[in-house]
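Take a look at the structure below.
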Amino acid sequence: MEVDVIDTLAGIAPGSPLDLVRRTRRAVAREHAQKSYDSLFAPADAGGFDPVERFAIAVFVAGLHAQTAIKDFYVARLGSAGATEAMCAAIDAEIAVAATRGPYGAYPKGPLSKEDTSGLIHRVADAQREALGPRLSAAFEHVHMLVFHPRDAAPASLQAMLDAG
């Protein structure tokens, strides 16, 4: 394994105690975590979902979580994948208006309903849709639901993304 994404993002130095634990006691977990990253960001068959779109969503999610180092990691890959400056600016603009605290959502009627919390349901601004395109715009809206409204993410949210291609 050349570069391990978790080692990179967590700043785990080769030969450090944490590196040794990951390589010896968690070798299978380490290998599978890297394979997950590879299958998400460098699949043998992209299935019509190109690297720019994949890295754009990763940047958006890292930005929503205010994880600057992780966001920067994905921004670098997004640039290498060929994203335009307009797209990068649109992603930053969307992160700025979409970031919130959550989780939000409603439970079915019952004892957990007292934990229902309403909150921002993000819609991509018209000003950003041109740079992002319909597919990424729909994906950002769906991802926002999954991150901040996991109880409310419903088939309609997924269908909007599917309808956008």
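None of the figures in this text is laboratory data; all of them are computed from the coordinates on show. None of these values were measured; they are calculated from a predicted model. Cβ sites come from the backbone with ideal geometry, for glycine too, and all protein chains shown count toward neighbours.
With a 10 Å radius around each residue's Cβ, average the other Cβ atoms per peptide and rank 91-100, 135-144, 115-124, highest first. Show your work: numbers first, answer last.
Values: 91-100: 18.1, 135-144: 22.0, 115-124: 14.6.
Those peptides, ordered most packed to least, come out 135-144, 91-100, 115-124.
Quickly estimate the mean residue ellipticity at 222 nm for the chain, helices only: each DSSP H run with n ≥ 4 gives -39500 (n - 2.57), and the total goes over all residues, rounded to 500.
Details: 8 runs with 102 residues, N = 165.
Theoretical 222 nm ellipticity from helices: -19500 deg cm²/dmol.
Take each of the peptides 53-61, 38-46, average the number of other beta-carbon atoms within 10 Å over its residues, and list them starting from the highest.
On the way: 53-61: 22.3, 38-46: 11.2.
Ranking, from highest mean packing down: 53-61, 38-46.
Would you kindly derive the ³J(HN,Hα) couplings of the range 116-124 from the backbone phi angles with the Karplus curve 6.51 cos²θ - 1.76 cosθ + 1.60 (θ = phi - 60°), listing them in order in whole Hz, with x for Gly and Pro?
With the stated coefficients, the range 116-124 comes to 4, 9, 8, x, 3, 10, 7, 10, 4 Hz.
Take D163 and R129, extend 7 Å from each Cα along the Cα→Cβ direction, and tell me the distance between the two endpoints in nm.
1.2
Using alpha carbons only, how many angstrom separate the centre of the range 1-32 from the centre of the range 95-150?
Measuring centre to centre over Cα atoms gives 33 Å.
So for the chain, averaging the separation of alpha carbon pairs under 8 Å that are six or more residues apart and normalising by length, what relative contact order in percent results?
Working: 152 pairs, mean separation 28.6, N = 165.
Normalised by residue count, the contact order of the chain is 17 percent.
Can you pull the one-decimal nm distance between simple spin-label points at L40 and T8, each 7 Å off the Cα toward Cβ?
1.3
Just check the range 1-42 against the gyration tensor rule for me: Cα atoms, a ≥ b ≥ c as the square roots of the eigenvalues, rounded for a/c under 1.5, and otherwise prolate or oblate depending on whether a/b exceeds b/c.
Oblate, because a/c is 1.5 or more while a/b does not exceed b/c.
Mind running the shape call on the range 16-92? Use the C-alpha gyration tensor, a ≥ b ≥ c as the square roots of the eigenvalues: rounded below 1.5 for a/c, prolate if a/b tops b/c, oblate otherwise.
On the way: a/c = 3.01, a/b = 1.63, b/c = 1.85.
Verdict is oblate for the range 16-92.
Starting from the Cα gyration tensor of the chain, take the square roots of the eigenvalues, sort them a ≥ b ≥ c, and report rounded, prolate or oblate (rounded when a/c is under 1.5, otherwise prolate if a/b is larger than b/c, else oblate).
Values: a/c = 1.93, a/b = 1.32, b/c = 1.47.
Here the chain falls in the oblate category.
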